[in-house]
Structure formats: structure tokens, C-alpha cells
Amino acid sequence: QVQLTESGGGLVQAGGSLRLSCVRSTGRTPDSVATGWFRQAPGKERESVAAINWSGYVTYYADSVKGRFTISKDNDKNTVYLQMDRLEPEDTAVYYCASGPVTTRSAPPYKYWGQGTQVTVYS
């Protein structure tokens, strides 16, 4: 069982930055090889934001966040980060991290999910 805890969300003005953290309860396990960030805005479907593999050398981003968001990790701290710069009102959503065996932006392979952290961007 892998438990994930997100933090770092909040209220920020457009153009500002936030850094989200996802702390994993375990070290490397078959189901913690990959970590993805997803988001869901009110009335919208959940969408992928970014993903990273265990080593950190493989990363994926949604087109809407490329150049503005950066996913990274510190395996010594069992933590994956999502640095979000130049935030836009359209980035407003609940952000979730997820852990699974395959590095992908697709949601189904992820087995464990955090509770989410709210990000609100105002103009």
C-alpha cells in the first residue's frame, strides 16, 4: 500500500507561482516507480498535468503547461514536486498526485492517489 499526501496548494494571482509537493509513504516499490500529477476543475474531467519516472530522467507534460510547470523529485525524501510558474486562471483545479508502475500521462495505470490540494488562480 502506498499513501500519497499532497501539499502546497493555495490562492495566487495570475502570473504567480506555487510549488506542490507529493510525499510518498514508501520508498521504491513496483507501484511507486512512476508518479503523475493530475488536476480536475469544477465541471470538467480529470486531466493529466505531468508525469515522472523513478530516476527523474523521463518526464511528460500536458501541452497546456509545457514551459510553465516543472516536475521533479527527491527520492531521498520520497517526494515529487510540481513547480508551477506563470499561473493562469485556467490552472484553477484540485491537483492530485498518483503513483503506479508505469510512467504515463494516462490515469488508469496509476494505482494509488492522494486526496488532492486546491489551487486557485485569480486575475
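Observations on the model:
- When you count the other C-beta atoms within 10 angstrom of each residue and take the mean per peptide, 103-110, 23-30 line up highest first as 103-110, 23-30.
- Unit charges at the beta carbon, dipole of the chain: most positive-side option, Leu18, Val80, Thr92: Val80
- Listed by chain and number, the lysines whose alpha-carbon sits under 23 Å from that of Lys66, ignoring those within fewer than 8 places in the same chain, are Lys44.
- Extension gain (nm, one decimal) between Ser106 and Ser55, 0.36 nm per residue minus Cα-Cα: 16.4 nm
- Size of electric dipole in the chain: Cβ of Lys, Arg +1 and of Asp, Glu -1, about Cα centre, debye, nearest 20: 200 debye
- With a Förster radius of 22 Å applied to the beta-carbon distance between Thr26 and Lys66, the computed FRET efficiency rounds to 0.15.
- Evaluating 6.51 cos²θ - 1.76 cosθ + 1.60 at θ = phi - 60° for every residue in the stretch 2-10, the Karplus couplings come out as 10, 9, 10, 10, 8, 7, x, x, x Hz, glycine and proline recorded as x.
- Cα gyration tensor of the chain - equivalent ellipsoid semi-axes, whole Å, descending: 23, 14, 13
- Shown here for the stretch 16-104: chymotrypsin sites (Phe, Trp or Tyr not before Pro) in loop regions (DSSP other than H, G, I, E, B) with at most 12 other Cβ atoms within 10 Å, namely Tyr57.
- Counting only residues at least eight positions apart within a chain, or on another chain, the lysines with an alpha carbon under 23 Å from that of Lys77 are Lys111.
- Rel. contact order, % - alpha carbon contacts under 8 angstrom, at least six apart, the stretch 69-123: 33 percent
- Relative contact order [Cα under 8 Å, 6+ residues apart], the chain, whole percent: 37 percent
- Loop-located GluC sites (Glu not before Pro) in the stretch 24-123 (DSSP state other than H, G, I, E, B) with a sparse environment of at most 11 neighbouring Cβ atoms within 10 Å: Glu45.
- Protein-only accessible surface at a 1.4 angstrom probe places the residues Ser21, Ser99, Ser72, Ser123 in the order Ser123, Ser72, Ser21, Ser99, largest first.
The values are calculated or read from the model by the stated rules, or taken from the named source; none is laboratory data. Here the structure is a predicted model, which means the values were calculated and not measured. With ideal geometry, Cβ positions are generated from the backbone for all residues, glycine too; neighbour counts draw on all protein chains shown. Just so you know, the surface numbers come from the protein's heavy atoms only, side chains and all, with ligands and any DNA or RNA stripped out. Shrake-Rupley method; radii C 1.70, N 1.55, O 1.52, S 1.80 Å.
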